[in-house]
Amino acid sequence: MNDMTPPTREERVEKLKGLGCSRKRVEDVRFTHGKGNYVDDIKLPGMLHGDFVRSPYAHARVKSIDASAALALKGVVAVLTAKDLEPLNLHWMPTLAGDKQMVLADGKVLFQGQEVAFVLAEDRYIAADAAELVEVEYEELPVVTDPFKALEPDAVELREDLHGQDSGVHGKRRHHNHIFLWEAGHKEATEQAISSAEVVAEEMVYYHRTHPCPLETCGSVASMDKVNGKLTVYGTFQAPHVVRTVASLLSGIEEHNIRVVSPDIGGGFGNKVGVYPGYVCSIVASIVTGRPVKWVEDRMENLMATAFARDYWMKGRISATKDGRITGLSCHVTADHGAFDACADPTKFPAGFFHIMTGSYDIPVAHVGVDGVYTNKAPGGVAYRCSFRVTEAAYFIERMIEVLAIELGMDAAELRAKNFIRKEQFPYHSALGWEYDSGDYHTAWEKALKAVDYEGLRREQAERVEAFRRGETRKLLGIGLTHFTEIVGAGPVKNCDILGMGMFDSCEIRIHPTGSAIARLGTISQGQGHATTFAQILASEIGLSADSITIEEGDTDTAPYGLGTYGSRSTPVAGAATAMAGRKIRAKAQMIAAYLLEVHDGDLEWDVDRFVVKGAPERFKTMKEIAYAAYNQAIPGVEPGLEAVSYYDPPNMTYPFGAYVCVMEIDVDTGTHEIRQFYALDDCGTRINPMIIEGQVHGGLTEALAIAMGQEIAYDEIGNVKTGTLMDFFLPTAWETPNYTTDFTETPSPHHPIGAKGVGESPNVGGVPAFSNAVHDAFRAFGLRQVHMPHDQWRIWKTAHDLGLHG
Amino acid sequence: MIPASFEYHRPTNLEAALATLKEFGDDARVLAGGHSLIPMMKLRMAAVEHLVDLQAIADLKGIAIDGGTVRIGAMTTQHELIAHQGLAQAAPIIREAALQIADPQVRYMGTVGGNVANGDPGNDMPGLMQCLDATYTLAGPDGTREVKARAFYEAAYMTAREDDEILTAIGFEATGGGWAYEKQKRKIGDYATAAAAVILQKDGGVCSGASIAMTNLADTPVWAAEAGEALVGTACEPDAVGRAVEAMLARIEPTEDNRGPVEFKRHVAGVILRRAIERAWSRA
């Protein structure tokens, strides 16, 4: 009978839904039913609500705070100011970058929207009313929003708390608004290469300030149980374990008495890595009152006060031979960090991994220097859907390549291909000290150019330029090219840590007697689909169906310690830990199977979902049978149970790469654009779930579109945020989003257990230069070299205008 | 984003709504679709102690077409304007404009009365109603009166409506001829960088009537009689269109904002108007 036919090997593989399966996201059932559980869904008995009084000024002295009218309002419990936090030494807090930040204004405010007082009330409405009743007297001070002006000798001193300190955690400070100078590479050799070069291109490339703007804003619910001494904190945390450790160090509560839970998170994109005053205030308020305290910011607060991204002024020089062989690259960055240095980077890297700026190219010598500067803007500098400062680096090199192509009078695709690191050069040691693990750039590039018919596009563009000059059209055609190389998966503990915590990650697996499992990880999904993909990794390792594996993250009482999810590190690090823990399970399973089959364990081989006696395929034990035996049989020399834990310290980063082409129509009279085609080839090594990869690429490209074409945090000259609502801060809808064509090559990472590299951030890293290069390219025939993003309508119009295209 | 405390009123007839307005005077505001007032209240830029919601007043809803005369109840939503077949025949420019307002969610809630009565220079319907030469019906404690859309707008958020009056209906004559509503915006949900409403009549290859208004280029909508006059008697050839554009540009007074500087807005206004005239003429 057919029913009795054992499944074929292919059928067994398919049933696992393991690596390579476009398995539907298991998370989506609850999300599409509105059954997600976010921080703002958490309601605890007796819970109080907090709201902030925020500074309307970008720089001012706080003369007095009068909370009497607020306290007189029925339902107001307390109004906290810096004076109340000072006895606890919590009026300031350490930042992830080794600086410190005011929790509540201590004598002065340094950016618009800064937290001044925390109002605690019986409900959210009363809290908002009371916040309006707190009277704060300010004395305005001169405002500095330009990092270059901040470094002028007579610039006002912003951080009086650092007065007289001529060095910080990252070395010497040469000015009272200077934070650090960080350098990499060989300065003299680079200067020598550039000064003796046949061709040099020089340009200032600005990557403007923007914001990750996750749909769910930041928030927390803190609950101090004064009876058992245990503090529970629910919050929008991309790194819950780190939050627990920091909370313990700050509060003095022993770490075992703190439980941090990240429930469902509605997007993070780096915005939820840092520690915010709201978290601290909700915790302190709960400790003081003994009641749970909720704080959830609104959209304007999120855009104005929580971590921004980018704001890098990158002055570059690139040199080459006449025939287009790159000989050197130099960059000096003026980095606007805002009022406090709260960048979320590995502690030893104050400019993140910006020194990946040699990109996909074999550049013999390079140098980079980054000056961090204080200004009257919100703190932050997070990696918005990218590894640490990698999108800035990718944008820089991909713009410099274009500028060099103009200088050389050469096709930009040809210039790239001429300088790519060749396949046989991997592992490749870059001039700035990285070891690229694997890559095959030429193959990807050729595939991309062929897919879009690059030569045909260039012919069409040339015809369009002629038609434009004849007055037959007012639309130009831009072809935006990018070949990016990322560096993700931080990272090796020997050089990557956050506040001393090595950046390993972890997975703990328990196999249940009936052959299903739960795995817990030190990471936390914010929409990436970990519950789906990590189960797939495990399914392929241990031979149980992904449908029978629960993935759990985000509760520090149950999950093993990990450094969290950002910088595309989950798959490279926690994914590796998952595979390694799975292999430990399989090793023990092999011993159990050997006992059950009465053979030596060396006589067994693994086959999809079972151990088979070599040469006797009819003699096997499935993982399901082995799991049952692990709990119900006394096996000599083998402990009962089937569990494993792995902490994975990656030997290297991973280096995903990709080739993107954007074809854009630009109306020179209105500054509007239309994206006619976007082709994205990604190589993220081994592909775990192609459907999720495609979704990640679509999402990342759309955020890249936003950044390149309009999204910014803009300030006026007195430090007012001009883009504090979604009316002015560009968040694309389906209407503005073009169709994307995705493609791939697959070059596994040689050092990762399953060869995976990470993909969530690639499309943002590669997408921004692709969109921006398309705008630039449209105007190349009319003499454009460089204009700054975002390329919104009036700026594109101005470019056309300045080039004389309006007659 | 939490408004200050307010009292909520939901009258079921116009008389009750007017009585509530009279009782609370300056402290009361009527609520139509809520897409301007509620955000302002949440931002605490508008403090309203008594909010008078008009949703339950059935008489304020609906579209009536009687011969060549169109009458639209103030509480008719943008979605209802789009869906109404008779209106699409009588004044197709309304459907074209309404489809360019925000997104479907907003259009299910936003009303034509709220849009025209608020006096927000960014709203699309005021300019459109001036183009249509519409008449607004205002009900007050002493009965009703009618005001021309072209005489209604005084300054940003300042209109001919008294505080104790409610705008109840909009009336105009069916248009005929060619039409176009052309709008440039940064994204879905945005107000216009520049928008133009154009209606042209054509008689024997010659323009016999023209009405032109623009939106969000001054603190009120701009209907320019001289822009229309520049087209009448011509075949809307490029020179004539150029004169119409020049006449309109002489009337607008855009200001700089995040959409761009004045120079850009003036340029775009000209481009948008030119395109609107060309499209309307092609349909005339």
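Tabulated data
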read-out: Acute angle (nearest 10 degrees) that the helix B:262-283 long axis makes with the longest principal axis of chain B, alpha-carbon atoms; value: 70 degrees
read-out: Kyte-Doolittle mean at least 0.5, axial Cα span of 30 Å or more - DSSP H helices of chain A; value: A:576-597
read-out: Dmax and Rg, reported as Rg then Dmax, of the protein assembly as shown (C-alpha, Å); value: 32.1, 106
read-out: Debye intensity ratio in log₁₀ form over the Cα atoms of region B:58-173, taken at each q of 0.10, 0.21 Å⁻¹; value: -0.26, -1.21
read-out: Aspartates and glutamates whose Cα lies under 18 Å from that of A:LYS35, excluding same-chain neighbours fewer than 8 positions away; value: A:GLU27, A:GLU216, A:ASP264, A:GLU552, A:GLU553
read-out: Gain upon complete extension [A:LYS447, A:LEU44; 0.36 nm per residue less C-alpha separation]; value: 139.5 nm
read-out: Loop-located GluC sites (Glu not before Pro) in region B:185-274, at most 15 other Cβ atoms within 10 Å (DSSP); value: B:GLU256
read-out: Helical mean residue ellipticity (222 nm; -39500 (n - 2.57) per DSSP H run of 4+; nearest 500) of chain A; value: -8500 deg cm²/dmol
read-out: Restraint check, A:LYS798/B:LYS42; A:LYS108/A:LYS722; A:LYS149/A:LYS418; A:LYS15/A:LYS588; A:LYS226/A:LYS377, Cα-Cα greater than 30 Å; value: A:LYS798/B:LYS42; A:LYS149/A:LYS418; A:LYS226/A:LYS377
read-out: Quotient of Cα Rg and 2.2 N^0.38 Å for region B:178-283, N being how many residues it contains; value: 1.02
read-out: Relative packing of A:564-576, A:18-30, A:217-229, which averages over residues the other C-beta atoms within 10 Å, highest first; value: A:564-576, A:217-229, A:18-30
read-out: Those trypsin sites (Lys or Arg not before Pro) in region B:3-84 that DSSP places in a loop and that have at most 13 other beta carbons within 10 Å; value: none
read-out: Loop GluC sites (Glu not before Pro), region A:472-557, which have at most 12 other Cβ atoms in a 10 Å radius of their Cβ (DSSP); value: A:GLU472
read-out: For A:668-678, mean number of other protein chain Cβ atoms within 10 Å; value: 3
read-out: Residues in region A:721-745 occluded by at least 40 Å² - accessible area, probe radius 1.4 Å, against chain by itself; value: A:MET727, A:ASP728, A:GLU736
read-out: A:ARG459 paired with B:LYS148, simple spin-label distance in nm, labels 7 Å along Cα-to-beta-carbon; value: 6.0 nm
read-out: Choice from B:ALA47, B:ALA98, B:ALA195 showing the highest fluctuation, given a GNM over chain B with Cα pairs closer than 10 Å; value: B:ALA47
read-out: Most mobile listed residue (B:PRO11, B:PRO92, B:PRO238) in chain B, GNM with C-alpha springs under 10 Å; value: B:PRO238
read-out: Chain A, relative contact order [Cα under 8 Å, separation at least 6], %; value: 15 percent
read-out: Point-to-point label distance, A:ASN632-A:ASP298, nm (Cα→Cβ direction, 7 Å offset); value: 6.0 nm
read-out: Charge-dipole axis of chain B as Lys and Arg at +1 and Asp and Glu at -1 on Cβ define it, positive-most pick from B:PRO221, B:ALA19, B:PRO141; value: B:PRO221
read-out: Nearest-0.05 FRET efficiency for B:ALA47 and A:ASP106, computed from C-beta distance (R0 45 Å); value: 0.90
read-out: Alpha carbon centroid spacing (whole Å) that separates region A:618-676 from region B:15-63; value: 55 Å
read-out: Furthest towards positive pole of dipole, A:LEU642, B:ASN118, A:SER68, structure part the protein assembly as shown, Cβ charges; value: A:LEU642
read-out: Cα gyration tensor shape for region B:7-53, rounded if a/c is under 1.5, else prolate or oblate; value: oblate
read-out: Separation of alpha-carbon centers, region A:264-336 and region A:756-800, rounded to whole Å; value: 22 Å
read-out: C-alpha long axis of helix B:238-249 to longest principal axis of chain B, angle in °; value: 30 degrees
read-out: Antiparallel %, DSSP beta bridges [both residues in the protein assembly as shown], to 5; value: 80 percent
read-out: Distance in nm between pseudo-label sites at A:TRP606 and B:SER208 (7 Å out along the Cβ direction from Cα); value: 8.6 nm
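The values are calculated or read from the model by the stated rules, or taken from the named source; none is laboratory data. Source: prediction; values computed, not measured. Backbone-built Cβ (ideal geometry, glycine too); neighbour counts: all protein chains shown. Only protein heavy atoms, including side chains, enter the accessible area calculation; ligands, DNA and RNA are left aside. Shrake-Rupley method; radii C 1.70, N 1.55, O 1.52, S 1.80 Å.
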